[in-house]
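> If you scroll down you'll find the structure; I have some questions about it.
The values are calculated or read from the model by the stated rules, or taken from the named source; none is laboratory data. Computed from a predicted model, the values in this text were never measured in an experiment. Glycine gets a Cβ as well: all are built from the backbone with ideal geometry, and neighbour counts include every protein chain shown.
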Amino acid sequence: MGSFSIWHWLIVLLIVVMVFGTKKLKNIGGDLGGAVKGFKDGMKEGSTPEDKPASQVVNATPAAEKATIDVEAKNMSNKS
């Protein structure tokens, strides 16, 4: 009762094809593949600046050399 045989999966596949049709299943597969490809491309773009591999980035500034600006916020109250 725990595992399904190949015949169970073939029957399920046949029912899915009968319900949705081959054209719709092909479109769904293409859309899913395009979404995965777009996700992978997006992950590559976000990892390195200007789509260059990390080994080609030469002028990277270390975090210790970056200038920081300290700002003190003051609370202004209206005193009447």
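> On the given criteria, is D70 modelled with pLDDT under 75, at positive phi and not β-branched (V, I, T)?
On the way: modelled with pLDDT under 75: yes; at positive phi: no; not β-branched (V, I, T): yes.
In short, no.
> How do the pairs read when you match residues in segment 3-16 that are surrounded by 10 or more Cβ atoms within 10 Å (Cβ to Cβ) with residues anywhere that are hydrophobic (A, V, I, L, M, F, W, C), using Cβ under 8 Å and keeping only pairs 6 or more apart or on different chains?
From segment 3-16, the pairs are V16/L25.
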